[in-house]
Amino acid sequence: MHKELLNKEDIERAIMRMAHEITEKNKGVRSLCLIGIQRGGVHLARRLAMKLREIGGRKIPVGALDIALYRDDINVRKEQPVVRRTEVPCEINNKKVVLVDDVLYTGRSIRAAMDAVMDLGRPSAIQLAVLVDRGHRELPIKADFVGKNVPTSLEETVTVQFLEEGLDDRVVLEWA
Amino acid sequence: MGLKSKDLVGIKELDAADIELILDTASGFKDVLTRDIKKVPALRGKTTVNLFYEPSTRTRTSFELAAKRLSTDVINVSVSTSSVVKGESLRDTALTIQALGADFIVVRHSCSGVAHFLAKNLDASVVNAGDGTNEHPTQALLDLFTIMEKRHVVRDLDVAIVGDILHSRVAKSNIYALKKLGARVRLIGPPTLVPAFMRELGVDVYTDMDEGLRDADIVMMLRIQMERQGRGFFPSTVEYFRNWGLTAERLAKAKKNALVMHPGPMNRGVEIASDVADGLRSVILEQVTNGLAVRMAVLYLLAGVKG
């Protein structure tokens, strides 16, 4: 069974609002660098960057971060996570890095992502933007910018689909 | 998706999907190697033992660095300083190392089949770093990775492998790997070192270098093992170079953009002319760098195969 949480327009509006919030918090878009977590986060980061450019009038560098090698569950999972490329096109030293992911859940991916970012350089700050926060944190991690807060149960899954992956933009809550 | 076996004993045991998975994963690791901080925590807490019964600098160093960049602890056991000289059997040495908690055992041995034997007898993941004249799988994988980087596909390429095929585990692993990914392979060398029965592997055999190199996309040179000189395989290194050495003039028979590869260590002036080894089409040093990425990928993927 499933329920649509966000449709195309909702996602568009959420991204627009988040872009404004990012601009407000950072007093402009200067010295920002957006880094999306592979793979959903990368699409989201590109879209956020487009909006930030409209608002701030300058191009924002966007990177893609693969966290497979920084995960804490390598010995627990059945199979190794697929290693994808990390491509961060700018120097992140003294930049304000906004980590972008589609869904915030346990917080473990974000922990891994922060470690991965730290190995790339020393940003002046790391902030977190997510499209959906579904709760159930296992680590003391909190998002700075949230598209939608969705209370969920552990049995449910949240799936984010993107046009970039050949599907309609939507966020779906599924359960058995 | 993942590898099916806990060990990498040979290319023969892999299928095309396994090879492609390793190569894809390696490209992720290649990118790690370009960063300021080249170490990732992926295999923290694991232990790698390099068990080398044959002298080796580049392969051992490459495995050691690959294992360290994945954050595993590394121990090097070389025969001359180990209890092997006191007469301990291979199996006992390996079981002892396993009992110390090794997760990966990288083994090189002068006998073919040693990696198979250890893989069967140990729970640890065994990686073949060269066994006798049988296989040297990570060398073939890094060669394929290098070809993929330059040519993007392996299918339908014409690959010439030149030299002492008979004694070469590198050649054997490469023949299996190239065939599995759909390349055409030709072997070139003196009939004593490239026997006609090699055709059974589904390759073409040439004794004439000029003829064999014609329109090749890739020219893979092998090291002439100097210890074979004077044992009847070829008259002298001078004569070998005259007939089968890769010179700029000979290389002109291959395709214009042909890549020149060599697993090292090179004998300049024996199998390859110095100017060709250092020339624009040589990817010999890139092979070394890629070896690191490929070996990281192999260790990483093997760690994911649960017994």
For this session: Within the range B:105-123, identify whether any single residue is touching a residue at least 60 places away in the same chain (Cβ under 8 Å), assigned to a strand (DSSP E or B) and not assigned by TED's automatic domain parsing to the domain that holds B:Asp164, and answer yes or no.
Result: no
For this session: Considering each residue of the range B:222-260, count those that are in contact (Cβ under 8 Å) with a residue 60 or more places away in the chain and either among the acidic types (Asp, Glu) or buried (at least 21 other Cβ atoms within 10 Å of the Cβ) (or both), and give that number.
Result: 6
For this session: Among what's in the range A:69-121 and is more than 9 Å from chain B (Cβ to nearest Cβ) and among the basic types (Lys, Arg), pick the residue that is nearest to B:Asp36 (Cα to Cα).
Result: A:Lys95
Problem set entry | Residue that is nearest to the chain's Cα centre (by Cα) [pool: residues in the range B:27-63 that are in a helix (DSSP H, G or I) and within 18 Å of B:Val106 (Cα to Cα)] | B:Thr59
Exercise. So which of B:Gly279, B:Gly264 ends up being modelled with pLDDT under 95 and surrounded by fewer than 21 Cβ atoms within 10 Å (Cβ to Cβ)?
Worked result: B:Gly264
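Of all residues in the range B:39-53 being of a type in the set (A, V, I, L, M, F, W, C) and over 14 Å from A:Val76 (Cα atoms), which is nearest to the other protein chains (Cβ to nearest Cβ)?
B:Val40
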Problem set entry | the range A:160-176, residues that are of a type in the set (Asp, Glu) and either under 15 Å from A:Gly41 (Cβ atoms) or surrounded by 14 or more Cβ atoms within 10 Å (Cβ to Cβ) (or both) | A:Glu164, A:Glu165, A:Asp169
Exercise. Restricting to helices (runs of 4 or more DSSP H) lying wholly in the range B:197-307: which have 3 or more residues that are touching a Cys at 6+ places or on another chain (Cβ under 8 Å) and not charged (D, E, K, R)?
Worked result: none
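Scan the range A:81-94 and give yes if some residue there is in contact with a Ser or Thr (Cβ under 6 Å, 6 or more places away or on another chain) and in a loop (DSSP other than H, G, I, E, B), otherwise no.
yes
The values are calculated or read from the model by the stated rules, or taken from the named source; none is laboratory data. Everything numeric here is computed off the predicted structure, so don't read it as measured data. All Cβ positions, even for glycine, are placed from backbone atoms using ideal geometry, and neighbour counts span all protein chains on display.
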